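What follows is a single structure, written as structure tokens, with notes after it.
The values are calculated or read from the model by the stated rules, or taken from the named source; none is laboratory data. Since the model is a prediction, treat every value here as computed from it, not as a measurement. Cβ coordinates were reconstructed from backbone atoms using ideal geometry, including for glycine residues, and neighbour counts include every protein chain displayed.
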Amino acid sequence: MTTTAEAPTATTAPAVPRRRTLVLLATVFVAALVAIMLTGSDNEPDSSLSTIRASYDQSPTLMMATSYAAMAACAVLVFLGVGLRTGLRSRGAVWTADVASLGVAVIALTLASWAVTSLALWHAVDQGDDMAVRTLNFVDTAGFLPLMLGMACTMVGTGAAGLSKRTLPRWLAVASVVLGCLAPLGPLGFLPALLLAPWLIAVAATVRLTP
């Protein structure tokens with residue numbers, strides 16, 4: 001007696017997130033980012049100790065809540081990055097989509113590092129360790145550099161993938177490449193940083209999710 005095993009069904013196309021899922025992730029991240037920025041500090045390397053102390057004159061509960069919210073926002077951003085990568089590859093594999101996804105991960109890690117240095121600064125201020133406060137402030141104010149790296153990879157990778165496979169409107173793909181090229185150019189990097197939030201929502205809302 002011969003028995004035939006039923007062959008497993010193979011999935012020929014990767015699972016694609018729903019558009020509303022991507023837009024929801026982008027919106028949640030942007031809302032969390034805005035809230036964190038509004039409650040955060042904005043010091044300079046040459047800020048006085050009194051200015052730095054005043055910036056971190058916050059309750060332990062608020063500082064811990066802000067730190068935890070930042071970690072959650074970074075997790076949301078990673079999910080969004082992988083979802084966008086899937087959309088960019090929906091018309092075929094393209095290596096620049098992987099670059100974009102890795103760039104999003106770099107941005108998430110950069111934002112997470114800001115939360116770490118911010119919490120460390122608060123502890124230093126709380127304990128009155130002026131030397132640690134000054135040192136950590138130097139580190140904190142240099143944190144924009146890895147953000148430049150992340151934005152360059154994310155925006156150029158997204159734009160290039162969108163142009164190659166036509167998974168983004170042409171105007172948005174071109175704008176993404178331009179913004180990504182500006183990211184590591186010193187003061188010009190503040191432009192893509194300012195536009196990062198609306199750019200993420202625009203890409204989430206317009207990326208094509210089907211072949």
>> What are the pairs with Cβ atoms under 8 angstrom where one residue, in segment 41-62, is of a type in the set (A, V, I, L, M) and the other, located anywhere, is at pLDDT below 85? Sequence gap at least six, or different chains.
In response: Ile52/Ser41; Ile52/Asn43; Leu62/Thr39
>> Here's a check for you: in segment 63-90, which residue that is modelled with pLDDT under 90 and crowded, with 16+ Cβ neighbours inside 10 Å is farthest from Val34 (Cα to Cα)?
In response: Ser90
> Within segment 47-62, restricting attention to residues that are of a type in the set (A, V, I, L, M, F, W, C) and farther than 14 Å from Ala35 by Cβ, which residue is nearest to the chain's Cα centre (by Cα)?
Replying inline: Ile52
> Can you find even one residue in segment 185-208 that is of a type outside the set (Gly, Ala, Ser), within 17 Å of Thr96 (Cα to Cα), buried (at least 21 other Cβ atoms within 10 Å of the Cβ) and touching a Gly at 6+ places or on another chain (Cβ under 7 Å)?
Replying inline: yes
>> Among the residues in segment 112-128, are any surrounded by fewer than 16 Cβ atoms within 10 Å (Cβ to Cβ), of a type in the set (D, E, K, R), at pLDDT below 95 and more than 30 Å from Arg20 (Cα to Cα)?
In response: yes
> What pairs come up if the first residue lies in segment 115-137 and is within 11 Å of Asn43 (Cβ to Cβ), the second is basic (Lys, Arg), and their beta carbons are under 8 Å apart, counting only those six or more places apart or on different chains?
Replying inline: Val133/Arg53
>> Of everything in segment 183-201, what is of a type in the set (Gly, Ala, Ser) and free of Cβ contacts under 8 Å to residues at least 24 places away in the same chain? Give them in sequence order.
In response: Gly186
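Name the single residue that is nearest to Asp126 (Cα to Cα) among those in segment 18-73 being aromatic (Phe, Trp, Tyr) and either touching a Ser or Thr at 6+ places or on another chain (Cβ under 6 Å) or in a helix (DSSP H, G or I) (or both). Steps first, answer last, please.
Step one: filter segment 18-73 for residues aromatic (Phe, Trp, Tyr), giving 29, 56, 68.
Filter again for either touching a Ser or Thr at 6+ places or on another chain (Cβ under 6 Å) or in a helix (DSSP H, G or I) (or both), leaving 29, 68.
Details: Phe29: 29, Tyr68: 19 Å.
So, considering only residues that are aromatic (Phe, Trp, Tyr) and either touching a Ser or Thr at 6+ places or on another chain (Cβ under 6 Å) or in a helix (DSSP H, G or I) (or both), the one nearest to Asp126 (Cα to Cα) is Tyr68.
State whether the residues of segment 153-176 include one that is among the charged types (D, E, K, R) and modelled with pLDDT of 95 or more.
Going residue by residue through segment 153-176, those that are among the charged types (D, E, K, R) are 165-166, 170.
Pick out the ones that are also modelled with pLDDT of 95 or more and you get 170.
Within segment 153-176, one or more residues are among the charged types (D, E, K, R) and modelled with pLDDT of 95 or more.
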